[in-house]
1. Here are the criteria: (1) open to solvent by 10 Å² or more (accessible area, probe 1.4 Å); (2) away from ligand 2 (no atom under 16 Å from the Cβ). Tell me which single one residue 281 does not satisfy.
2. Out of 346, 378, 355, which single residue is without any contact (Cβ under 8 Å) to a residue 60 or more places away in the chain, open to solvent by 40 Å² or more (accessible area, probe 1.4 Å) and not aromatic (Phe, Trp, Tyr)?
3. Answer yes if at least one residue in the range 58-68 is surrounded by fewer than 24 Cβ atoms within 10 Å (Cβ to Cβ), on the phi > 0 side of the Ramachandran plot and within 21 Å of the chain's Cα centre (by Cα), and no otherwise.
4. Of everything in the range 208-237, what is under 30 Å from residue 136 (Cα atoms) and either out of contact with any strand residue (DSSP E or B) (no Cβ under 9 Å at 6 or more places or on another chain) or open to solvent by 40 Å² or more (accessible area, probe 1.4 Å) (or both)? Give them in sequence order.
5. Give me the residue from the range 350-372 that is within 11 Å of ligand 2 (Cβ to nearest atom) and among the hydrophobic types (A, V, I, L, M, F, W, C) and, out of that set, nearest to residue 29 (Cα to Cα).
6. When you go through 45, 61, 21 one by one, which is the residue that is in contact with a Cys (Cβ under 9 Å, 6 or more places away or on another chain) and basic (Lys, Arg)?
7. Tally the residues that are open to solvent by 10 Å² or more (accessible area, probe 1.4 Å), more than 16 Å from ligand 1 (Cβ to nearest atom) and of a type outside the set (Ser, Thr, Tyr), restricting the search to the range 118-156.
8. Restricted to the range 167-212, and to residues that are charged (D, E, K, R) and more than 20 Å from the chain's Cα centre (by Cα), which residue is farthest from residue 287 (Cα to Cα)?
Amino acid sequence: MDALPRIDSSRLLRRLDELGRLGGTPAGGVSRLALSDEDKLGRDRLLAWMKEIGLDVRVDRVGNLFGFRRGAADESPVLFGSHLDTVRNGGRYDGAYGVLAALEVLQTLQEGGIQTRRPLLMAAFTNEEGARYAPDMQGSLAFVGDLSVEEALAVTGFDGSNFGDELRRIGYAGDFPCASIRPYACVELHVEQGPVLEKEGICIGAVEAITGISWQEVTLRGAANHAGTTPMDLRRDAGLAAARIVAYLRDLATDLGPAQRATCGMIAFQPNVINVIPGEARLSVDLRNTDEAVLRQAEARLAAFIERVAAEEGVEVERRRLVDVAPARCDPAVVAVIEAAAASLGLSCRRMNSGAGHDAQILARHFPTAMIFIPSQGGVSHSPAESSTPEDLTAGANVLLRTVLELAQ
Ligand code: GLV
Ligand code: MN
Ligand code: MN
């Protein structure tokens, strides 16, 4: 055992449990959609904990939460954290783990009386998931200045709500300016959300690259008509056109290789009646790849297929771009610090890519950034079944602690 401190594992697990109950669902999942009442409960709880340990707490204009801890020198800070919002019926660790581990790291340093040279800055970014408002990573986009505050506040959600109104309603329209902090380096600790670490029996992932993400909404307009009287060859069936696009997504991904992902997660028919041919269909498309050229190829091939289907089915098409985030490379020096931190704790570690989107990929455009992953049981995430072992949760937080200490010296 070396002299460096360790985080308090039982305190971290207790807080994960407590936060997981805010927006908790009967099946053990969490629905804490961005700027919902449940998100407010999570934010209130986190802020109380941050204040309890003496952090200087700030809320910025898009609701990002920050906790500052002074350094011995007046230099740019080391930033670490993640997000508190979840998808609908998601898990308790996606985002929450990175935020509560950041809090735990700071509390460990406070209690150990350990002063760092650089200031430390924990962050909980607003609307990472994009489950209620697109774009995803909205808070980090505004933090780095890639999305203006005005644009962020004007976003209309999938539920018709306005981002700015909801932010004010829950009391988190702060006044700390966006794009005003330039961190020295950034680290995000997160559950892997995939099967790689568990399958290989490895404890820590040092993330080198994060997937690019392309989201669009496709609206198809045909003609609503009677399900019994309209001959099959005289239909303009928007539902059928949508179904053909959904089926094509699998073929497209299969064709472009294992790094390509393609998903339709939302679909809605109008008028949505059993004996009426759908006059309108609206669907979402989520395309991902860590190779930008292949991602662009996927977009182009899908666009051509949609045009073909529209012509064959006699429907009109409207496409709306929701997200266009290029793949990100993590900073090799920060990746190396993570590897060294894992090694110093005797933990196995491998380099890997992330297929999930993260605030880190937005931070990485502007500041040296990398991510720490721990195994997800069964590779499951965005599901109530999402889980990680107490041992891995503890190990990841200790790797974060050492990584931050090294970067801040
Ligand atoms: C967020 O978790 C995403 O990858 O979409
Ligand atoms: Mn996440
Ligand atoms: Mn997520």
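The values are calculated or read from the model by the stated rules, or taken from the named source; none is laboratory data. All of these numbers come straight from a predicted model, not from anything done at the bench. A quick note on method: Cβ atoms are made from the backbone with ideal geometry, for glycine too, and the neighbour counts reach across all protein chains shown. SASA here: full protein model, heavy atoms, side chains in, ligands and nucleic acids out. Shrake-Rupley method; radii C 1.70, N 1.55, O 1.52, S 1.80 Å.
1. (1)
2. Every option except 346 fails the conditions.
3. No - not one qualifying residue is present in the range 58-68.
4. 208, 221
5. The qualifying residue nearest to residue 29 (Cα to Cα) is 356.
6. 61
7. Result for the range 118-156: 12.
8. 175
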